[in-house]
Amino acid sequence: MPNTGLFYLLDVIGDASQEDPQALSRLTFVRAQCLQCHAILSLSGAPGLVNVAHGAAVLTCERCKNRQAISGARFADFVRRVEHGLIPAVGDIPQAPGASGDDTHLHRH
């Protein structure tokens, strides 16, 4: 699911695990909306995106410092749902107050 509680995932790119092609071993890019301050984040490294074990990562909002650890399974599930069309394109998602539709997109990898 795209809503992690503190962030709304918009785009996730990572390296597939060699042991399990359905899992991610490491994230290289995450685009998300902070659900506290509504900032759109494009994260590709520390301090906003910190990889931990098995495709899990800690996201930190650059604006309000909202922070959440998210499991690798959650990211892999998001990627799988996007690939199967189970998550709508951003244009179909209602925008949070203060968010601009021009600031968001989904990669269908």
Filter the stretch 1-47 down to the residues that are polar (S, T, N, Q) and either touching a Phe, Trp or Tyr at 6+ places or on another chain (Cβ under 8 Å) or open to solvent by 60 Å² or more (accessible area, probe 1.4 Å) (or both) and list them by number. N3, Q18, Q22, Q33, Q36, S42, S44
For the stretch 1-54: of the residues being of a type in the set (D, E, K, R) and touching a strand residue (DSSP E or B) at 6+ places or on another chain (Cβ under 7 Å), which is modelled with the lowest pLDDT? D15
Name the strands (runs of 3 or more DSSP E) wholly within the stretch 15-60 that hold at least 2 residues that are among the small types (G, A, S)? 24-34
Within the stretch 61-97, how many residues turn out to be within 21 Å of Q36 (Cβ to Cβ), part of a loop (DSSP other than H, G, I, E, B) and modelled with pLDDT of 75 or more? 7
Test A16 against the criterion of being more than 18 Å from I87 (Cβ to Cβ) and out of contact with any Asp or Glu (no Cβ under 6 Å at 6 or more places or on another chain), and give yes or no. yes
The lone condition V52 fails out of (1) open to solvent by 20 Å² or more (accessible area, probe 1.4 Å); (2) under 13 Å from the mean Cα position of the chain (by Cα) is (2)
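The values are calculated or read from the model by the stated rules, or taken from the named source; none is laboratory data. Worth saying up front: this structure is predicted, and the values here are computed from it rather than measured. Positions of Cβ are generated from backbone atoms using ideal geometry, with glycine treated the same way; all protein chains shown enter the neighbour counts. When the accessible area is computed, the model is the full protein with side chains, heavy atoms only, and any ligands, DNA or RNA have been set aside. Shrake-Rupley method; radii C 1.70, N 1.55, O 1.52, S 1.80 Å.
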